[in-house]
Each structure stands twice: as structure tokens, then as C-alpha cells.
Amino acid sequence: MEYSADEFDVIVVGAGIMGSSTAYQTAKRGQKTLLLEQFDFLHHRGSSHGESRTIRATYPEDYYTPLVLQSYKLWQQAESEIGYNVYFKAHQLDMAPANDKVLHAVVESCRKNLVPFRFMNRDQLDREFSGRIRIPEDWVAVATEHGGVIKPTKAVSMFQTLALQNGAVLRDNMGVKGVERDGVRGGVWVCTENGERFWGKKCVVTVGAWTTKLVKTVAGIELPIKPLETTVCYWRIKEGHEGGFAIGGDFPTFASYGDTYIYGTPSLEYPGLIKVAVHGGYPCDPDKRPWGPGNPLAPLKEWIEGRFSGVVDSGGPVATQLCMYSMTPDEDFVIDFLGGEFGKDVVVGGGFSGHGFKLSPVVGRILADLALSGEAQGVELKHFRIARFQENPKGNVKDFL
């Protein structure tokens with residue numbers, strides 16, 4: 001079908017990792033694709049910038065693990081097309097008090113999804129890492145081979161470049177103020193703040209922390225997606241010990257459950273520093289950010305002191321970065337048709353709740369499937385439907401919480 005310069009098969013609104021991955025998918029399938037971004041490409045105001053994200057298959061919710069395993073393959077496929085790496089291999093270590101329900105759910109999920117794992121007590125973990133990671137006597141750890149680090153800004157750039165190479169049109173500094181149904185010919189009109197209008201047969205909305213605002217403007221629907229500002233912290237490894245915590249050796253990406261959910265990655269982006277941070281943050285308006293002060297440091301300091309045998313300086317982080325989360329009440333994604341007057345012509349991907357980046361290749365594929373064919377074959381999306389919040393404002397019920 002021939003279109004004019006402002007007409008497209010698919011218009012993707014939001015060029016973070018999810019939108020860029022979606023545009024890559026639709027363009028690769030021969031669809032005339034427009035990718036719009038409200039700020040500069042690769043900006044630092046959302047959820048897709050920075051130097052590292054964890055990828056892991058250890059989820060207490062067993063429906064994420066198959067998606068992660070697919071994402072590993074899709075990351076590697078995209079890397080082969082672009083010619084450079086954004087994924088760096090590591091093992092994954094999860095740790096928690098022995099009676100922790102989340103860790104037990106992680107183990108059950110590994111069993112159900114046939115992910116090999118090793119269970120370790122304090123002494124076994126001590127031997128495994130030569131004392132570099134220690135846990136209290138009443139804690140246990142679960143080790144798997146499915147860990148690793150993704151370079152986020154580089155990954156967004158990769159998908160945008162691949163989309164461009166496949167014929168997509170990319171436009172930044174194009175804030176979208178509305179999406180309107182075309183009642184005559186079908187499809188939708190996407191209207192930007194600078195007065196431009198683009199017609200699309202289909203539209204995919206992936207605007208991260210701005211999802212609630214835009215969806216309410218477009219469709220009058222209140223999605224329970226809350227923007228949070230979170231802080232990523234880097235801590236100095238004491239001199240002479242840097243090699244033991246570096247990527248490429250045996251040091252893992254890690255998650256620690258219990259009173260505070262703490263996660264981290266091996267030393268990669270800043271030599272001599274290790275990333276250790278709290279999963280969570282403070283509610284904010286993405287257009288009126290506080291830009292700090294960040295999460296409380298006391299739990300992190302105590303955790304680092306207790307886990308790294310004094311070879312990581314727990315006095316305070318030497319560098320911090322701010323990032324946005326888009327939280328749903330159940331911390332599950334929203335991947336669905338907008339419905340109403342738009343039917344299946346507008347697809348929404350949002351609410352990735354601080355754990356979506358690793359899954360962006362498969363989310364992009366799913367969003368492209370929904371836009372182009374009206375269904376995502378081989379993927380169960382019931383946990384990600386908008387309607388779940390009508391049935392229960394808290395969303396999906398989870399036994400381990």
C-alpha cells in the first residue's frame with residue numbers, strides 16, 4: 001500500500017527501549033514505521049538510559065522466565081545484525097533468609113521452567129566465591145547460569161539504528177499531545193505539540209513514566225501506573241580486590257530479598273566500582289522531577305558491610321545516577337489494546353516496574369505482533385491485561401507476597 005510522507009503502517013510513540021525495539025520489529029517486517037520521541041534521542045529523563053541493567057531468568061512469577069529465555073536469543077540476534085555487543089554474560093545469584101517466600105517461589109519457577117540451579121548454604125557460598133560474598137547463617141542462595149548485564153543506552157541506540165536500516169523514520173523532539181480515531185478511513189491520527197499530524201494504520205504507545213498522562217488524555221482511562229524516581233549507586237572496591245568483582249570472571253549479577261530488595265551487577269562500566277542499589281523509589285511527576293535526594297542509604301551500607309567482607313567501602317556511594325520506574329500495583333507489565341473507540345488500532349506497552357529492560361526484545365516483538373496481526377502467538381498475555389485492575393485494583397494476586 002502506497003502512503004504519502006505523513007502516512008505510515010505503524011506509528012510508535014516513545015523511543016525508549018520498548019518503543020525502539022518495537023520499531024525495529026515492525027520495520028524489519030517491511031512495515032512503513034514512524035518512531036516519535038518527545039525529547040532528544042537517548043535522553044536521560046526516562047527509564048532507558050545509563051550503563052547497566054541486569055538480565056536474569058530467576059523470577060518468582062513463573063510466566064516471566066520463558067520470556068527472558070526468549071529475550072537472550074533475541075538480544076544475540078540483534079547483536080549479530082548490528083555487529084557489536086550490548087549483552088555481557090554473567091551468572092546470577094539470588095539470596096534471602098531461608099524461610100523467604102519470594103526465594104522459594106524463584107526456586108519453584110526454575111523447576112517449572114527447567115532452569116538448572118544450585119542451592120547453597122552459607123558455607124557453600126563462602127567456598128564458591130572465596131569469601132567475596134557472604135550471607136548470614138540463616139540465609140540461603142540460589143545460583144543459575146542465566147544472568148548478565150545489558151548496556152542500556154547502547155541497546156536503545158542499537159534498536160534505533162536497526163530500525164533506521166530497515167527503513168523506519170525516526171523523529172525526536174516530537175511530543176505527542178493526542179491520538180485521534182480516523183472515522184472515515186480507519187486508523188488513527190497522531191498529533192504532536194508542534195502542530196504536525198501523522199496518520200497511521202496502527203499506533204503503539206510506549207512512553208514509560210508518561211503512560212498514565214497520555215492514556216488519560218487520549219482515551220480517558222486511568223491506568224494505575226505510578227512514576228517513581230529511583231537512585232542507582234556505585235561503591236568503591238578496595239584497592240587490590242577489583243579483579244574479583246569484575247565482569248568476565250565468576251562474579252555474578254545478584255539479587256537479595258528480605259526486608260529490602262537489593263540488587264547489583266559486577267564491576268563493568270566504571271573500573272573499581274560496583275553497582276549496588278535498592279529496588280524502589282519515590283513517587284513523582286515525570287515533568288516535575290525532584291532530582292533527588294534518593295533512596296535511604298542505611299540499608300545499603302549495612303548490606304554491603306555484611307556481604308562483601310569489608311573489601312567494598314560501605315561508607316557511601318562514590319557515584320549515583322537517577323532513573324525512572326513506572327510501577328503497577330502488582331509490578332506486572334501492561335501490554336494490551338487500548339480498546340474503546342480505538343479497538344485494536346492502538347496498543348499500549350507500559351508499567352514495566354523497574355524490571356522490564358531485559359525483556360525489551362521480546363516485548364517489542366509482542367507489541368509488533370499485536371499491532372500487525374491483533375494477537376501474539378505463543379505468548380500468554382493474561383497477566384498483562386488492563387482489565388485485571390477492574391477485577392482487582394491491586395492487579396494479579398501473588399501467593400509469595
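Observations on the model:
- Whole-angstrom gap from segment 20-93 to segment 174-219, using each part's C-alpha centre: 24 Å
- Extension gain, Lys154-Phe119: 0.36 nm per intervening residue step, less the Cα-Cα distance, totals 9.2 nm.
- Backbone geometry of segment 233-239 corresponds, through the Karplus equation with coefficients 6.51, -1.76 and 1.60 at θ = phi - 60°, to 3J(HN,Hα) couplings of 10, 10, 10, 7, 7, 5, 4 Hz, x marking Gly and Pro.
- For segment 156-268, the square roots a ≥ b ≥ c of the C-alpha gyration tensor eigenvalues yield an a/c of 1.5 or more together with a/b exceeding b/c, which makes the shape prolate.
- Helix 65-82 and the long axis of the chain differ in direction by around 70°, with both axes built from C-alpha atoms.
- Segment 240-252 - phi-based ³J(HN,Hα) in whole Hz, Karplus 6.51/-1.76/1.60, Gly and Pro as x: x, 10, 4, x, x, 10, 7, 5, x, x, 9, 6, x
- Over 27 Å between alpha carbons, listed pairs Lys32/Lys154; Lys32/Lys89; Lys201/Lys288: Lys32/Lys89; Lys201/Lys288
- Residues in segment 144-174 that a label on Asp40 would reach, taking backbone N under 20 Å of a point 7 Å out along Cα→Cβ: 152-161, 170-174
- Computed from Cα atoms, the angle from the helix 101-112 axis to the main principal axis of the chain rounds to 70 degrees.
- Average silhouette area of the chain, convex hull of alpha-carbon atoms, in square nanometres: 19.0 nm²
- Note on Val318/Glu137: beta-carbon distance plugged into 1/(1 + (r/R0)^6) with R0 of 25 Å gives a FRET efficiency of 0.20.
- Positive-end ranking of Ala27, Gln92, Asn121 along the dipole of segment 2-144, with charges on Cβ about the Cα centre, is headed by Asn121.
- Accessible surface ranking for Glu37, Glu193, Glu305, 1.4 angstrom probe, highest first: Glu193, Glu305, Glu37.
- Estimated FRET transfer efficiency (Lys89, Asn194; beta-carbon r; R0 51 Å; 0.05): 0.75
- Phi angles of segment 378-389 translate, via the Karplus equation with coefficients 6.51, -1.76, 1.60 and θ = phi - 60°, into HN-Hα couplings of x, 10, 8, 9, 4, 6, 10, 6, 5, 4, 4, 7 Hz per residue; Gly and Pro are given as x.
- Net dipole in debye of segment 97-203 [+1 Lys, Arg Cβ; -1 Asp, Glu Cβ; about Cα centre; nearest 20]: 440 debye
- Accessible surface computed residue by residue for segment 285-331, with neighbouring protein chains in place and a 1.4 Å probe, gives 46 Å² per residue.
- Placing dummy labels 7 Å off each Cα toward the beta-carbon, the span from Glu79 to Val184 is 5.0 nm.
- Nearest-ten-degree value, helix 17-28 long axis tilted from longest Cα axis of the chain: 50 degrees
The values are calculated or read from the model by the stated rules, or taken from the named source; none is laboratory data. Every value quoted in this text rests on a predicted model; they were computed, and no experiment measured them. Virtual Cβ from ideal backbone geometry, glycine too; neighbours counted across all protein chains shown. Side chains included, ligands, DNA and RNA excluded: accessible areas come from the protein's heavy atoms. Shrake-Rupley method; radii C 1.70, N 1.55, O 1.52, S 1.80 Å.
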